[in-house]
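Novice: For reference, the structure I am asking about is given below.
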Amino acid sequence: MAKKVRKTEARDDEVLGVTHGGTVITEELAEQWAEEIEKNPPDPSELERRYVGRPSLSEAGRSPRVSCRVPMDIYKAAWKRADKEGRSLSSLAREALERYLDS
C-alpha cells in the first residue's frame with residue numbers, strides 16, 4: 001500500500017503531483033505503483049469507466065458540441081440577455097436553436 005507523505009516532508013523537486021486524497025506523488029511512489037501494476041495488472045473487464053467533463057444533456061449520453069461564429073454585436077447582445085436572465089450563453093443558444101427548429 002502507498003505510504004502517505006505530507007507535502008512538507010517531500011522536497012519540491014521530488015513532488016510529481018498530489019492525489020485527490022492528499023497523497024503526495026513522488027518519484028519513489030510512482031516507481032512503487034508502476035512495479036505493483038506490472039506484477040499484478042488489473043483485469044480490464046473489471047475496470048470501471050470514468051467519465052470526465054460536463055454531464056450529458058441527453059438521455060442517450062451524448063451531447064455533441066456545436067460551435068459557430070457571430071458578429072460582435074450579436075455576441076454582446078446574447079451575453080447581455082443571458083446575464084439578464086441569469087443563465088449561460090450556451091443555454092440561451094440551445095433555446096434559440098430549439099425554437100428555430102420547432103418553427
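Just so you know, all these numbers are worked out from the coordinates, no wet-lab data involved. Computed from a prediction, not measured in an experiment: that's the story for all the values here. Methodologically, a virtual Cβ is constructed for each residue, glycine included, from the backbone with ideal geometry; neighbour enumeration extends over all protein chains shown.
Novice: With axes computed from alpha carbons, what is the tilt in degrees of helix 72-85 against the longest principal axis of the chain, rounded to the nearest 10 within 0 to 90?
Specialist: It is inclined by approximately 80 degrees.
Novice: Compute the acute angle (0 to 90°) between the alpha-carbon long axis of helix 89-102 and the principal axis of greatest extent of the alpha-carbon atoms of the chain; round to the nearest 10°.
Specialist: Roughly 50 degrees, rounded to the nearest 10.
Novice: Then there's this: Report, ordered by chain and residue number, the aspartates and glutamates lying within cross-link reach of K80, taken as a straight Cα distance under 19 Å and ignoring same-chain residues fewer than 8 apart.
Specialist: E95
Novice: For every helix of n ≥ 4 consecutive DSSP H residues, a contribution of -39,500 (n - 2.57) applies; sum these over the chain, divide by its total residues, and give [θ] at 222 nm rounded to the nearest 500 deg cm²/dmol.
Specialist: -13000 deg cm²/dmol
Novice: While we're on this one: Tell me, L47, L16 in order of fewest to most beta-carbon neighbours within 10 Å?
Specialist: L47, L16
Novice: Just one of (i) 0.99; (ii) 1.84; (iii) 3.42 is Cα Rg over 2.2 N^0.38 Å as worked out from the coordinates here. Which one is it?
Specialist: Recomputing Cα Rg over 2.2 N^0.38 Å here picks out (ii).
Novice: How much net charge surrounds S90 when only other residues with a Cβ under 11 Å from its Cβ are counted (Lys, Arg +1; Asp, Glu -1)?
Specialist: +3
Novice: Here is a follow-up. To test your reading of the geometry: what angle, between 0 and 90 degrees and rounded to tens, separates the Cα axis of helix 27-39 from the longest principal axis of the chain?
Specialist: Around 90 degrees separate the two axes.
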